Amino acid sequence: MSVVEPFDPLIFCGAFDESERRHEMIAQAAYFRAKGRHFAPGRAREDWLAAEAEVDQLTAGGVASPCDRN
């Protein structure tokens with residue numbers, strides 16, 4: 001069983017607009033998912049969709065960005 005490393009969404013607290021920030025957060029999460037399974041081919045779409053759901057959950061509830069959290 002592979003372990004997916006958590007990503008730190010606060011690394012994206014820079015000069016991005018919200019759509020760029022979201023895309024970068026998804027890309028980072030998808031990368032860590034792929035890395036956790038040693039980059040085995042054929043699951044890139046699954047990684048992306050799972051990462052998208054993870055990022056959406058992190059930013060749910062009206063929080064536009066993890067940078068806004070106190």
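Summary table
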item	result
Karplus-derived 3J(HN,Hα), 6.51/-1.76/1.60, for each residue of region 21-34, Hz, glycine and proline x	4, 4, 4, 5, 5, 5, 4, 5, 5, 5, 4, 5, 5, 5
Label-to-label distance, nm, for residues given as Asp17 and Ala50 (7 Å Cα→Cβ offset)	3.1
By accessible area with a 1.4 Å probe, ligands and nucleic acids excluded, highest first: order of Glu20, Glu54	Glu20, Glu54
Per-pair calculated FRET efficiency, R0 = 35 Å: Lys35 and Ala60 via Cβ, rounded to 0.05	0.90
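The values are calculated or read from the model by the stated rules, or taken from the named source; none is laboratory data. Because the structure is predicted, anything quoted here is derived from the model rather than measured. In this analysis, Cβ positions are derived from the backbone assuming ideal geometry, glycine residues included, and neighbour counts consider all displayed protein chains. SASA here: full protein model, heavy atoms, side chains in, ligands and nucleic acids out. Shrake-Rupley method; radii C 1.70, N 1.55, O 1.52, S 1.80 Å.
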